[in-house]
Amino acid sequence: FLLSVGVTCPILSRLGDIHGHKKLTLLTLIITAVGVVISIFAPTYPLFLVGRVCLGFCPAITPLSVGVFRNSLPERSTRFGIGAIAGSMTAGSATGMITAGYIFNATHSFAWVFASWLILLIPSVIVVALEVPESPSLMIKNRMDWPGAAALAIGVSSLLFGLAWGPRVGWGQPTVIVAVLLSAAAILGWCLIESRTARPMVDLRMLTSRAARPFYISSFLWGAAVYGSQTTFVLFM
């Protein structure tokens with residue numbers, strides 16, 4: 001799931017800038033719903049992992065929603081919308097975990113926990129399709145920075161593989177060392193690609209802006225709390 005999030009989130013958000021945030025939001029919700037169905041009925045563990053990969057598309061809804069607000073609403077309303085997203089994500093994370101516990105205790109099946117997602121996903125698809133406006137000014141002339149996307153995907157996936165595999169087999173194992181070195185090389189290559197591309201997937205000048213640093217710090221802390229707690233819960237269960 002974390003691997004899928006790390007790879008798909010920046011790619012989908014950039015594709016939303018090019019092809020329309022509403023279209024990519026609908027696509028993300030549909031892929032997430034497909035992932036839920038696969039997770040419920042998967043007869044084998046590898047197929048279950050495919051469902052988890054599809055569920056990793058879901059967090060891309062956040063940057064896509066920000067794009068919808070930015071292009072469709074006045075500045076003051078945009079701030080309110082982004083704040084509402086942050087608040088609803090926090091409330092949803094808290095109540096969702098508790099609700100999932102009650103569902104599991106009542107049914108003794110994780111399949112029903114996944115099925116509860118559909119209660120939210122299906123109405124979301126309908127509301128987005130009918131009510132959310134399409135971005136009025138799309139960057140049609142832009143093309144997707146696929147070399148940058150590939151380098152970022154390799155860098156993130158290699159790093160996560162090394163961090164996940166290291167404690168199991170030992171940090172000195174060749175596979176772990178190769179994964180970490182490959183990650184460093186891919187991320188360095190990604191920085192070079194982004195700095196030399198006319199329309200990069202991620203503008204590194206904006207990435208290094210001082211004005212954005214508080215946002216990065218708060219996002220990092222929020223991600224550590226959310227995904228760290230998920231890891232703890234999984235190990236406990």
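The values are calculated or read from the model by the stated rules, or taken from the named source; none is laboratory data. In this text the structure is predicted, and so the values were computed from the model without any measurement. Here Cβ is always computed from backbone atoms with ideal geometry, including for glycine, and neighbour counts include all displayed protein chains. For accessibility, only protein heavy atoms count, side chains too; no ligands or nucleic acids. Shrake-Rupley method; radii C 1.70, N 1.55, O 1.52, S 1.80 Å.
Structural remarks
- The set of residues in segment 94-122 that are open to solvent by less than 40 Å² (accessible area, probe 1.4 Å) and either under 19 Å from residue 57 (Cβ atoms) or charged (D, E, K, R) (or both) comprises 96, 113, 114, 115, 116, 121.
- From the list 91, 60, 106, the one residue that fits, being part of a helix (DSSP H, G or I) and at pLDDT below 90, is 91.
- The set of residues from segment 194-203 being without any contact (Cβ under 8 Å) to a residue 60 or more places away in the chain, in a loop (DSSP other than H, G, I, E, B) and under 13 Å from residue 152 (Cα atoms) comprises just one member, 200.
- Under the condition of being outside any helix (DSSP H, G or I) and open to solvent by 10 Å² or more (accessible area, probe 1.4 Å), the residues counted in segment 17-49 number 3.
- Qualifying residue in segment 204-225 (condition: surrounded by 14 or more Cβ atoms within 10 Å (Cβ to Cβ), in a loop (DSSP other than H, G, I, E, B) and of a type in the set (Val, Ile, Thr)): no
- Verdict on residue 125 being open to solvent by less than 50 Å² (accessible area, probe 1.4 Å), closer than 25 Å to residue 96 by Cα and β-branched (Val, Ile, Thr): yes
- Residue satisfying all of: in segment 70-93; open to solvent by 40 Å² or more (accessible area, probe 1.4 Å) and β-branched (Val, Ile, Thr); farthest from residue 36 (Cα to Cα) among these: 82
- Among the residues of this structure, residue 126 counts as one that is closer than 17 Å to residue 28 by Cα and in a helix (DSSP H, G or I).
- Among (1) within 22 Å of the chain's Cα centre (by Cα); (2) surrounded by fewer than 12 Cβ atoms within 10 Å (Cβ to Cβ); (3) not in a helix (DSSP H, G or I) - the single one residue 172 does not satisfy: (1)
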